[in-house]
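The values are calculated or read from the model by the stated rules, or taken from the named source; none is laboratory data. No experiment lies behind these values; they were computed from the predicted model shown. Counting neighbours? That spans all protein chains shown, and the Cβs are built from the backbone with ideal geometry, glycine included.
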Amino acid sequence: MIKRCLFAVGRVTVLRGAAALLWLVLNSGLALAAESIPTVLITGSNASHGLAFVEEYAALGWNVIATCRTPEKADRLNALAAENDNVVVEQLDIVNDEQIAALVEKYRDTPIDVLLNNAAINTFRFGPLRFGKIDYEWFAEILEVNIIGQLKVSEAFQSNVAASEQKKIISMTSTGGSISDVEVPIAIAYRASKAGLNMAMRTYSMALKRKGIIVGIIAPGTVDTEDYMNAKDPSTVPSNYKNMIKAGRLAPRTAIDDMIALIGRLTLEDSGVYYEWTGRVLPW
């Protein structure tokens, strides 16, 4: 009887050992799976394109670091983060060196698969746009944010991107940055900033190619992030959006998904190429 009990105890010990080993294997697998979940850092995440990118990447299961200048005012972004454990909101003004350095330090050990430079001053339709009425101080601010800010953030997080699996730095530009497509003499500051961004990121892509880092340059267009095209009540659609819809100048909400798919397809051969959200290559 004693021998049988000892055998039984020994068997239980062996089974427990096997179970423990299985537990370790399974949990190691879970840990590896967790580590393989990609991470995206998005600037300008509090509204419009940026917020839409946060929504879609979060839905895809990515870890999302959503940054903006004033998180305390980003109600929709904060609500989204409260509903999704994979979304964290951080403060970042892309031309504030101290804020950039602080965020880099906080995430110094975090690989970032996609650094999505979305933050910008959009003055294509508003502001001192016409010759003879240009506010040159604002002009300089637009250039600083739209060109220098994106490049600063890209260089600051370059090591994080290099440590990731996908290794992608993406800049949101504009079709307004195409020099050969200019047809009317307006939006000089905005157009100059986007053309300058295109040149900066094109040159940057050449420097990073040997490191295996892909630099994407994508013009998102004006995306219908509020999905006004499918509004049940037409009276809720702002008049400027009605005009854009009528003129066919508004990209559908699904353009965000199309850009995420485009980003996912980018290889080193595509680095530094100027793309429209549709995947069409744009003229410089």
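In region 216-239, the qualifying residues are those that are β-branched (Val, Ile, Thr) and touching a residue at least 60 places away in the same chain (Cβ under 8 Å), and the one that is farthest from Arg265 (Cα to Cα) is Thr225. Every condition in (1) in contact (Cβ under 8 Å) with a residue 40 or more places away in the chain; (2) out of contact with any Ser or Thr (no Cβ under 8 Å at 6 or more places or on another chain); (3) over 25 Å from Ala195 (Cβ atoms) is met by Ile263 except one, and the failing one is (3). Figure legend. Inter-residue proximity from region 42-66: first residues under 16 Å from Ala255 (Cα atoms), second residues part of a strand (DSSP E or B) and modelled with pLDDT under 95, beta-carbon distance below 9 Å, spacing 6+ or different chains. Indicated pairs: Ser48/Val223; His49/Val223; Ala52/Val223. At least 3 residues being within 23 Å of Val223 (Cα to Cα) and outside the structural domain of Val161 (by TED's automatic domain parsing) is the threshold, and among the strands (runs of 3 or more DSSP E) wholly inside region 34-91 not one reaches it. Of the residues making up region 207-249, those that are farther than 22 Å from Gly279 by Cα and among the small types (Gly, Ala, Ser) are Ala207, Ala231, Ser235, Ser239.
For the structure I just gave you, tell me whether Ile100 is without any contact (Cβ under 8 Å) to a residue 60 or more places away in the chain, in contact with a Leu (Cβ under 8 Å, 6 or more places away or on another chain) and of a type in the set (Val, Ile, Thr). Here the answer is yes, as Ile100 does meet what is asked. Would you call Ile213 over 17 Å from Asn118 (Cβ atoms) and touching a Leu at 6+ places or on another chain (Cβ under 6 Å)? No; evaluated as a whole, the condition is false for this residue. Close Cβ contacts (under 8 Å, 6 or more residues apart or on different chains) running from residues in region 67-83 that are without any contact (Cβ under 8 Å) to a residue 60 or more places away in the chain to residues that are part of a helix (DSSP H, G or I) and acidic (Asp, Glu) comprise Leu80/Glu55.
Is it true that Thr173 is crowded, with 18+ Cβ neighbours inside 10 Å, modelled with pLDDT under 95 and of a type in the set (S, T, N, Q)? No: the conditions fail for Thr173.
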